[in-house]
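J.: Structure below; questions to follow.
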Amino acid sequence: MAYIQRTQGGSGNQKTFTISLWIKRANVTDEQCFLSVADGSDYLQFKFNSDAYLEYNDGPSTIRFITSRKFKDLGAWYHIVVKFDSTQAIESDRFKMFINGVQETAFGTATYPGLNTDSRININTGVISLGVDQTFLYGVFEGVMSWVQLVDGTALDATEFGEVDSTSGIWKIKTDVYGTPGVNGFCLKMEDRTNLDLDSSSNAHTFTTSGNVTATYDNPSNNFVTMNPL
């Protein structure tokens with residue numbers, strides 16, 4: 001079991017934030033949580049469930065989204081962005097999810113946050129984990145992650161972190177660290193093979209790695225060929 005964790009040291013903005021990460025799966029048959037936050041009985045889970053749907057639970061179960069489509073391509077990098085702003089008057093503006101630059105609109109389950117509802121993501125003393133869920137009950141993430149960013153206090157579109165290549169038409173990464181990460185914001189590029197939990201944001205938060213997190217040259221800018229058992 002390998003994962004990266006940090007105990008959030010201050011109360012951030014629980015009503016407005018952005019999560020951006022690049023992820024490549026290696027197993028599509030098991031439930032696998034890739035980002036979680038835990039604080040007592042409250043938690044947030046962001047995962048691929050056992051049916052390969054992308055699922056976001058926050059609160060617990062107060063805010064819940066499950067995509068209608070499945071994510072089974074083991075050869076592709078997915079860029080996932082969550083834009084959260086519960087201060088918005090229109091319900092559908094309070095939570096938006098983007099996959100490879102395109103807003104996801106088809107959900108089998110969609111429970112939007114109420115007006116000014118707090119998320120768990122920036123809760124004081126909450127433990128944020130990459131690669132596992134908050135209780136270790138669900139499967140450890142199998143695959144690769146890169147450029148995991150949390151922006152605390154600002155709701156951003158996917159175009160802040162990626163763009164369409166003018167030649168190929170493929171969604172590609174922008175290799176810029178967002179300049180104002182907020183209290184709990186961070187950016188783990190995972191490009192330093194000797195220090196995969198290095199926070200490259202201006203906060204320079206300290207993360208802890210448990211287990212053997214293995215470096216790879218496979219990344220969003222250099223996608224390696226991957227065998228798919230399907």
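J.: Kindly flag which residue pairs out of LYS15/LYS72; LYS24/LYS47; LYS70/LYS189; LYS72/LYS189; LYS24/LYS72; LYS15/LYS174 have an alpha-carbon separation exceeding 21 Å in this structure.
T.: LYS15/LYS72; LYS70/LYS189; LYS72/LYS189; LYS15/LYS174
J.: Next up: Work out from phi, with θ = phi - 60° and the Karplus expression 6.51 cos²θ - 1.76 cosθ + 1.60, the ³J(HN,Hα) of each residue of region 214-227, listed in order in whole Hz, and give x for Gly and Pro.
T.: Values, residue by residue: 9, 6, 8, 7, 5, 8, x, 8, 8, 6, 7, 5, 10, 5 Hz.
J.: Check which residues have an amide H placed less than 5 Å from GLY126's amide H, if you skip close sequence neighbours.
T.: When sequence neighbours closer than 5 places are left aside, the close amide H contacts are GLN8.
J.: Further, regarding this structure: With a Cα-only, solvent-free Debye model of region 36-181, what are the log10 I(q)/I(0) values at q = 0.09, 0.13, 0.14, 0.20 Å⁻¹?
T.: Log10 I(q)/I(0), no solvent term: -0.28, -0.61, -0.72, -1.56.
J.: Quickly rank 166-179, 20-33 as a protection proxy: mean count of other C-beta atoms within 10 Å, highest first.
T.: Ranking, from highest mean packing down: 20-33, 166-179.
J.: Moving on. How much area per residue is accessible in the chain when the probe is 1.4 Å and only protein heavy atoms are counted (Å²)? Each step should come with its number before you reach the end.
T.: On the way: 10040 Å² over 230 residues.
I get 44 Å² per residue for the chain.
J.: If you count the DSSP beta bridges with both ends in the chain, what percent of them are antiparallel, to the nearest 5?
T.: Bridges in the chain that DSSP calls antiparallel: roughly 95 percent.
J.: Assuming R0 = 30 Å, can you tell me the calculated FRET efficiency for the pair SER210 and THR159, based on Cβ-Cβ distance, to the nearest 0.05? Kindly include the intermediate steps, with their values, before the conclusion.
T.: Working: r = 34 Å, r/R0 = 1.14.
The formula returns an efficiency of 0.30 here.
J.: A follow-up question, please. What residues qualify as long-range amide H neighbours of GLY185, i.e. H under 5 Å apart, gap of 5 or more or another chain, H built at 1.01 Å from N?
T.: ASP152
J.: With θ taken as phi - 60° and the coefficients 6.51, -1.76 and 1.60, list the Karplus ³J(HN,Hα) couplings across region 27-35 in order, rounded to whole Hz; mark glycine and proline as x.
T.: 8, 10, 9, 10, 5, 9, 8, 10, 8
J.: Which order do the peptides 96-106, 81-91 come out in when sorted by mean C-beta neighbours inside 10 angstrom, highest first?
T.: Highest mean packing first, the order is 81-91, 96-106.
J.: Considering the dipole of the chain built from charges on the beta carbon (Lys and Arg +1, Asp and Glu -1) around the Cα centre, which of TRP147, PHE48, LEU21 is farthest to its positive end?
T.: PHE48
J.: Modelled label-to-label distance, SER168 and SER11, 7 Å Cα→beta-carbon offset: nm?
T.: So the label points at SER168 and SER11 sit 4.6 nm apart.
J.: Related question: Which whole-number percentage describes the relative contact order of region 25-74, with Cα contacts under 8 Å and a sequence gap of 6 or more?
T.: Contact order relative to length: 33 percent.
J.: Hey, another quick one. What is the packing order of peptides 34-44, 121-131, taking the mean over residues of other C-beta atoms within 10 Å and listing the highest first?
T.: Descending packing order for the listed peptides: 121-131, 34-44.
J.: Output ³J(HN,Hα) for region 42-50: one whole-Hz value per residue in order, computed from phi by the Karplus curve 6.51 cos²θ - 1.76 cosθ + 1.60 with θ = phi - 60°, and x for Gly and Pro.
T.: 8, 7, 10, 10, 10, 7, 9, 7, 5
J.: Looking at the square roots a ≥ b ≥ c of the eigenvalues of the Cα gyration tensor of region 28-108, which shape do they give, rounded for a/c under 1.5, prolate if a/b is larger than b/c, or oblate?
T.: oblate
J.: Taking H placed 1.01 Å from N in the peptide plane, check which residues at least 5 places from LYS15 or on another chain put their amide H under 5 Å from its amide H.
T.: Under 5 Å from the amide H of LYS15 lie the amide H atoms of SER119, each far enough along the sequence or on another chain.
The values are calculated or read from the model by the stated rules, or taken from the named source; none is laboratory data. As the structure is a prediction and not an experimental result, all values here were calculated from the model. Because the Cβ atoms are built from the backbone with ideal geometry, glycine has one as well, and the counts that use them run over all protein chains shown. Note: accessible area is taken over every heavy atom of the protein model, side chains too, but ligands, DNA and RNA are not part of it. Shrake-Rupley method; radii C 1.70, N 1.55, O 1.52, S 1.80 Å.
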